[in-house]
Amino acid sequence: MSTAAAAPSFDPCDPVAVAQALIRCPSVTPEDGGALGVLEAALAPLGFVCHRLRFEEEGTAPVDNLYARLGTEGPNFCFAGHTDVVPPGELKGWSIDPFAAEIHNGRLYGRGAVDMKGAIAAFVAAAARHVKAVKETGDAPKGSISLLITGDEEGVAINGTRKVLDWLQAKGEKLDACVVGEPTNPKALGDMIKIGRRGSMTAFLTVHGAQGHVAYPHLADNPLPRLARMLAAITAEPLDAGTPHFQPSNLELTTIDVGNPAHNVIPAQGKATLNIRFNDLHTADTLLAWLRERLDGVGGSYELDHFVSGDSFLTPPGPLTELVADAAERVTGRRPEYSTTGGTSDARFIKNFCPVVEFGLVGQTMHKVDEHTALDDLTRLTDIYGEVLRNVFDRIG
Ligand SMILES: [Zn+2]
């Protein structure tokens, strides 16, 4: 625990200044680059109790995380996000230094500007303004505000949010509702709130046969016709037609590999990999059973390995989704759509602990060269998060 961080060299109420300070930390996953220190320096003087949490596991890089909480009462409302960023890639492609945080034509440029240092800056500025406003009223602050910030989201996500949540649970710390600041808006601020995500499972199929000469097929067992029939069987019909809050599940073959350089040899095995993005009708287990049923229908010897990045989840429309939608509508004049599209995020871990929704900046330039956010979006996102903080303790029990 540390509370004696140096005073920040920026105004924590100014989201642009906070975002610039964060972008100037080259926190390419899993490096911290000083980013969490910037947050501690901003949060500790506001009264947040900051816990720096470093997790390490054999075979993975150690990762720094931060849990900061203001207040000891419930409910505990949490802003969650990540300070790590994807690498800038070819520097030649950038028109500006990706870690200089320069402002041009009303836009802040830099790696992480939208994914998601900009949103974290908006968390901090909204919290700083909220603390100031509550102080001015002289009323006792309600509930607690916390920030759960990881440095391991863009990488393997092993030593990040998941472990922080375990640590919180072991300490008896409860989260009551959470907003993740991923860039959820496709085109303009106020477009979209993510209220869940599809699950993702990758499966690796190996079909076994017996190698032999193509001229003597009775002495061999070619696995490839079976592989072809298996792939046909699992792609013959859609997995489902979608559900009220989810698009249809989708199975995509990503590679078929035999690697046989000889035209006169029957190979001993053939492999295929597939990825399934699935909705709330399925779990990884039911999907594996679905796959096995079809593979067994073809028969023969095969192996099926798999890797699950996350199960699907949904925070059904209710107090939290309405709170964030109302705040976004109040500031942007538009009511965001509820969606479960796109890839996975750390919300997939948080959903096991409390209701969680995602709302952040406009995602158009995330992971691209010249990543940038409009300064106006940064200001309005801060206003939206501020509106959430103003109302959350009256609306979330
Ligand atoms: Zn992100």
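The residues of segment 252-271 that are part of a strand (DSSP E or B) and either surrounded by 14 or more Cβ atoms within 10 Å (Cβ to Cβ) or modelled with pLDDT under 95 (or both), listed by number, are Ile256, Ile266, Gln269, Gly270, Lys271. Restricting attention to segment 157-182, the residues being more than 14 Å from the ligand (Cβ to nearest atom), in a loop (DSSP other than H, G, I, E, B) and at negative phi number 6. Among the residues of segment 183-205, those identified as open to solvent by 10 Å² or more (accessible area, probe 1.4 Å), within 16 Å of the ligand (Cβ to nearest atom) and not aliphatic (A, V, I, L, M) are Pro183, Pro186, Lys194, Arg197.
Restricted to segment 77-109, and to residues there that are among the charged types (D, E, K, R) and assigned to a loop (DSSP other than H, G, I, E, B), the residue that is modelled with the lowest pLDDT is Glu90.
Quick check: anything in segment 114-131 part of a strand (DSSP E or B), of a type in the set (A, V, I, L, M) and on the phi < 0 side of the Ramachandran plot? Checking segment 114-131: not a single residue is part of a strand (DSSP E or B), of a type in the set (A, V, I, L, M) and on the phi < 0 side of the Ramachandran plot. Determine if segment 345-367 includes at least one residue that is in a helix (DSSP H, G or I), more than 16 Å from the ligand (Cβ to nearest atom), open to solvent by 60 Å² or more (accessible area, probe 1.4 Å) and at pLDDT 95 or above. There is no residue in segment 345-367 that is in a helix (DSSP H, G or I), more than 16 Å from the ligand (Cβ to nearest atom), open to solvent by 60 Å² or more (accessible area, probe 1.4 Å) and at pLDDT 95 or above.
The residues listed here are Val16, Val63, Val28; of these, the one that is modelled with pLDDT under 95 and either open to solvent by less than 30 Å² (accessible area, probe 1.4 Å) or β-branched (Val, Ile, Thr) (or both) is Val63.
Annotation: of all residues in segment 117-156 being open to solvent by 60 Å² or more (accessible area, probe 1.4 Å) and out of contact with any helix residue (DSSP H, G or I) (no Cβ under 9 Å at 6 or more places or on another chain), the one that is farthest from the ligand (Cβ to nearest atom) is Gly138. Considering Asp377, Asp370, the condition of being assigned to a helix (DSSP H, G or I) and out of contact with any helix residue (DSSP H, G or I) (no Cβ under 6 Å at 6 or more places or on another chain) is satisfied by Asp377 alone. Within the option set Asp240, Asp296, Asp280, Asp305, being of a type outside the set (Gly, Ala, Ser), open to solvent by 20 Å² or more (accessible area, probe 1.4 Å) and in a helix (DSSP H, G or I) holds for one residue only, Asp296.
The values are calculated or read from the model by the stated rules, or taken from the named source; none is laboratory data. Please read these numbers as outputs of a predicted model, since none were measured by experiment. As a convention, Cβ positions derive from the backbone with ideal geometry for all residues, glycine included, and neighbour counts pool all protein chains shown. Each accessible area value is taken on the protein alone, full model and side chains, heavy atoms only, with ligands, DNA and RNA left out. Shrake-Rupley method; radii C 1.70, N 1.55, O 1.52, S 1.80 Å.
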